[in-house]
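Novice: This structure is in structure tokens; I'll ask about it shortly.
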Amino acid sequence: MRRLLLALPFALLPLAVAFAADEHDHDHEHGSLGAHVHGVARLDMALDGRTLELELDTPAMNIVGFEHPATTDADKMTLALAKETLLKPHALFSLPEAAGCTATRQRVESTLFGDKDDDDHDHADGDAAEHEHSEIHGHYQFTCSAPNVFNKLDLTQLFKSFPATQTIQVQLVTPKRQMGAEVRPSNPAIKF
Amino acid sequence: MYLLRLALASLANRRFTAFLTAFAIALSVCLLLAVERVRTEARASFASTISGTDLIVGARSGSVNLLLYSVFRIGNATNNIRWDSFEHFANSKQVKWAIPISLGDSHRGYRVMGTNESYFEHYQYGRQQHLEMADGRPFATDPFEVVLGAEVADALHYKLGDKLVLAHGVATVSLVKHDDKPFTVVGILKRTGTPVDRTLHISLGGMEAIHIDWHNGVPAQGAGRISADQARNMDLTPTAITAFMLGLNSKIATFAVQREINEFRGEPMLAILPGVALQELWSLMGTAEKALFVISLFVVLTGLIGMLTAILTSLNERRREMAILRSVGARPWHIASLLVLEAFALALGGSVCGLALLYIGIASAQGYVQANYGLYLPLSLPSTYEWTLLTGILGAAVLMGTVPAWRAYRQSLADGLSIRL
């Protein structure tokens, strides 16, 4: 078993190389940046007691189709619509009515919305315009009256609203277990 | 019923070929089931190795790599992390407990792990079970105390009070030994069925002490040497460790802390959720598992084709048998079902023998596999999935039996009683 496991990385090396080539992780002089892959979003969900927290990280490309600051009216319109959709988490994450979740905090941030980029404190002002990539972060917190009812995360709506999103890397933490999954439109739900 | 009796009697008449055919099927069935067994048990044993730990933190590398070296003692770390960084996060408000891990030395092929008392208090495996002492106590303030995993104590016949010398590095045959600073066995852990059983646990101070007079990767010579007693009086706070595990006050904080660690500016670190990394490992393993499964399926297919060949070749020499059967009133479909039954009987016999072989194999290899690979293979009844596989094999055998059956059906019509001798 152990030997087999040891040999695995070699067997999978071609895969890893191919995969790594897809990720264009830009080297900056300071700190480190997360991966930014168009089509791939990250969603973290934590459920403990009655608190439910969801955190969505996605390249702006997946949401609005561009990553430059909005200058035209059409771009501004797209941005406003996207923000509106992102601020309706009940629909976006198909939270079941029966769980009785009320949002206690929700926040959608992006340099495109004119928010400060909190990832890179060292950036000089006005640097945002030179940014090659923009991300959109969504942070949602709920208090649920019946968290036990909530046992499935269905991302169908998210894929429907933002069709440029092809994969969502989900990390789940519940009182019982931790789970990870790559969710695709063809199989958009995870049971936990 | 009489048809089955006839089929069996006919097989008994050709018992040597029949036995060989059934044996080939038995071997292939045994292989298929063994692959399936090892696969499910490996998963179960991996999944039960760690529980209750919210985050594992190490130098930045891959999440699977970090999980493998920190929890399963497979492979090695790419880098160490600073003790300051560990303290920074261990004292964070959201952190309930933190277990530092320092790896890199070994004793006769078993890995040595430096840690502190919180390991015995907070490390959990299986269904949130804590580690328990079978004998003795956890290591205390003296740096030269060691707590053995159950398997280490068993295999190397150590008992409390024994002295042992650790070797530098993790090679089975090590040239450099820490023989100036022997360790005393103060405790032996209960068996857990996890890599903990194959580990020697020492304090971080002990780990530091055995390397204290080392320079550039070799021990100091002559006057530069520091004896065990001198080392006891020195400050043995480590400067670096390999990884650490965190338990948090609230599961909700998991991602916030993970982010904080991943974006920590002090040094590049990686925090992973063990459950998520384990799933990532499965998806990697999945490919190899599938390959093994497909190979064993083909072996079963080969066994069945062997059976088909054996039956088909026997058809010619059994023309006479068929003719006699026809003469005493057997209809063509009787002959056909006779052959299908024969195939079924062979496959059934093969499957039963295969199962028997599997259980004999498990019973005799259980101890060895557990000791060498840390994999516990239980002697449990076949699972539903295994029953499905067996039924599938029988179905395939019957399907294959229709080929000679059809031929015999046609021949028995054509030949009738006018057999040409």
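Novice: Do the conditions hold for B:Gly329, that is, is it out of contact with any strand residue (DSSP E or B) (no Cβ under 6 Å at 6 or more places or on another chain) and either open to solvent by 10 Å² or more (accessible area, probe 1.4 Å) or more than 22 Å from B:Gly395 (Cβ to Cβ) (or both)? Give the derivation first.
Specialist: On the way: out of contact with any strand residue (DSSP E or B) (no Cβ under 6 Å at 6 or more places or on another chain): yes; either open to solvent by 10 Å² or more (accessible area, probe 1.4 Å) or more than 22 Å from B:Gly395 (Cβ to Cβ) (or both): yes.
In short, yes.
Novice: Looking for something within 14 Å of another protein chain (Cβ to nearest Cβ) and surrounded by fewer than 16 Cβ atoms within 10 Å (Cβ to Cβ) - is there at least one such residue anywhere in region B:300-318?
Specialist: Checked region B:300-318: no residue is within 14 Å of another protein chain (Cβ to nearest Cβ) and surrounded by fewer than 16 Cβ atoms within 10 Å (Cβ to Cβ).
Novice: Identify, from the list B:Val38, B:Val64, the residue that is part of a helix (DSSP H, G or I) and outside the structural domain of B:Ala396 (by the TED database).
Specialist: Details: B:Val38 fails: outside the structural domain of B:Ala396 (by the TED database).
None of the other options fit; the residue is B:Val64.
Novice: Look at B:Met285 and say whether it is more than 9 Å from every other protein chain (Cβ to nearest Cβ) and either closer than 18 Å to A:Leu172 by Cα or open to solvent by less than 20 Å² (accessible area, probe 1.4 Å) (or both).
Specialist: On the way: more than 9 Å from every other protein chain (Cβ to nearest Cβ): no; either closer than 18 Å to A:Leu172 by Cα or open to solvent by less than 20 Å² (accessible area, probe 1.4 Å) (or both): yes.
The answer is no for B:Met285.
Novice: Could you count how many residues in region A:167-186 are out of contact with any Gly (no Cβ under 9 Å at 6 or more places or on another chain) and part of a loop (DSSP other than H, G, I, E, B)? First the steps, then the outcome.
Specialist: To start, the set of residues in region A:167-186 that are out of contact with any Gly (no Cβ under 9 Å at 6 or more places or on another chain) comprises A:168, A:174, A:176, A:181-186.
Checking the rest, the ones that are also part of a loop (DSSP other than H, G, I, E, B) come to A:174, A:176, A:185-186.
Of the residues in that region, 4 qualify.
Novice: Taking interchain pairs and intrachain pairs at least six residues apart, which have beta carbon atoms under 7 angstrom, with the first residue in region B:260-274 and among the acidic types (Asp, Glu) and the second not in a loop (DSSP other than H, G, I, E, B)?
Specialist: So the pair list comes out as B:Glu267/B:Ile81; B:Glu267/B:Arg82; B:Glu267/B:Ser85.
Novice: Moving on. Would you point out the residue of region A:56-94, among those that are of a type in the set (D, E, K, R) and open to solvent by 40 Å² or more (accessible area, probe 1.4 Å), that is farthest from the other protein chains (Cβ to nearest Cβ)? Before the answer, list the steps.
Specialist: Of all residues in region A:56-94, those of a type in the set (D, E, K, R) come to A:57, A:67, A:73, A:75-76, A:83-84, A:88.
Keeping just the survivors that are open to solvent by 40 Å² or more (accessible area, probe 1.4 Å) gives A:73, A:76, A:83-84, A:88.
On the way: A:Asp73: 36, A:Lys76: 30, A:Lys83: 22, A:Glu84: 25, A:Lys88: 22 Å.
Checking each candidate, the answer is A:Asp73.
Novice: Here is a list of conditions, (1) away from chain A (no Cβ under 13 Å); (2) touching a helix residue (DSSP H, G or I) at 6+ places or on another chain (Cβ under 6 Å); (3) buried (at least 22 other Cβ atoms within 10 Å of the Cβ), and B:Ile50 meets all of them except one; can you say which number that is?
Specialist: (1)
Novice: Which of the residues that make up region A:140-166 are open to solvent by 20 Å² or more (accessible area, probe 1.4 Å) and not in a loop (DSSP other than H, G, I, E, B)? So that I can check it myself, show each step before the final result.
Specialist: Of all residues in region A:140-166, those open to solvent by 20 Å² or more (accessible area, probe 1.4 Å) come to A:141, A:143, A:145-149, A:151-152, A:154, A:156-157, A:160-161, A:163-164, A:166.
A:Gln141, A:Thr143, A:Pro147, A:Asn148, A:Val149, A:Lys152, A:Asp154, A:Thr156, A:Gln157, A:Lys160, A:Ser161, listed by residue number.
Novice: Does B:His168 fit the bill of being at positive phi and of a type outside the set (Phe, Trp, Tyr)?
Specialist: Working: at positive phi: no; of a type outside the set (Phe, Trp, Tyr): yes.
So B:His168 does not fit the description; no.
Novice: Would you mention how many residues in region B:368-397 are modelled with pLDDT of 90 or more and surrounded by 15 or more Cβ atoms within 10 Å (Cβ to Cβ)?
Specialist: Of the residues in region B:368-397, 7 are modelled with pLDDT of 90 or more and surrounded by 15 or more Cβ atoms within 10 Å (Cβ to Cβ).
Novice: Please give the number of the condition B:Leu156 fails out of (1) aliphatic (A, V, I, L, M); (2) more than 24 Å from B:His215 (Cα to Cα); (3) touching a Lys or Arg at 6+ places or on another chain (Cβ under 9 Å); (4) surrounded by 20 or more Cβ atoms within 10 Å (Cβ to Cβ).
Specialist: (4)
Novice: Taking the condition open to solvent by less than 90 Å² (accessible area, probe 1.4 Å), modelled with pLDDT under 85 and either more than 20 Å from B:Val398 (Cβ to Cβ) or not aromatic (Phe, Trp, Tyr) (or both), does B:Leu31 pass? Quick ask: steps written out before the conclusion?
Specialist: Details: open to solvent by less than 90 Å² (accessible area, probe 1.4 Å): yes; modelled with pLDDT under 85: no; either more than 20 Å from B:Val398 (Cβ to Cβ) or not aromatic (Phe, Trp, Tyr) (or both): yes.
So B:Leu31 does not fit the description; no.
Novice: Among B:Ala336, B:Ala277, B:Ala291, which is the only one that is away from every other protein chain (no Cβ under 14 Å) and either polar (S, T, N, Q) or not in a loop (DSSP other than H, G, I, E, B) (or both)? First the steps, then the outcome.
Specialist: Values: B:Ala277 fails: away from every other protein chain (no Cβ under 14 Å); B:Ala291 fails: away from every other protein chain (no Cβ under 14 Å).
Sole residue among the options that is away from every other protein chain (no Cβ under 14 Å) and either polar (S, T, N, Q) or not in a loop (DSSP other than H, G, I, E, B) (or both): B:Ala336.
Novice: Kindly state which strands (runs of 3 or more DSSP E) lie completely within region B:164-263 and contain at least 3 residues that are open to solvent by 10 Å² or more (accessible area, probe 1.4 Å) and either away from chain A (no Cβ under 14 Å) or farther than 19 Å from B:Asp105 by Cα (or both).
Specialist: On the way: elements: B:183-189, B:199-203, B:243-248.
Per the criteria, B:183-189.
Novice: If you go through region A:167-192, how many residues are more than 13 Å from every other protein chain (Cβ to nearest Cβ) and either surrounded by 19 or more Cβ atoms within 10 Å (Cβ to Cβ) or of a type in the set (Gly, Ala, Ser) (or both)?
Specialist: So the count comes out to 3.
Novice: Write out, first by first residue and then by second, each pair whose Cβ atoms fall under 6 Å of each other, whose residues are 6+ apart or on separate chains, and whose first residue, in region B:37-58, is closer than 10 Å to B:Pro274 by Cα and of a type in the set (Gly, Ala, Ser) while the second is modelled with pLDDT of 85 or more and open to solvent by 20 Å² or more (accessible area, probe 1.4 Å).
Specialist: B:Ser51/B:Gln124; B:Ser51/B:Tyr125; B:Gly52/B:Gln124
The values are calculated or read from the model by the stated rules, or taken from the named source; none is laboratory data. From a predicted model like this one, the values you see are computed outputs, not experimental measurements. Ideal geometry is used to build each Cβ from the backbone, glycine not excepted, and the neighbour counts take in all protein chains shown. For accessibility, only protein heavy atoms count, side chains too; no ligands or nucleic acids. Shrake-Rupley method; radii C 1.70, N 1.55, O 1.52, S 1.80 Å.
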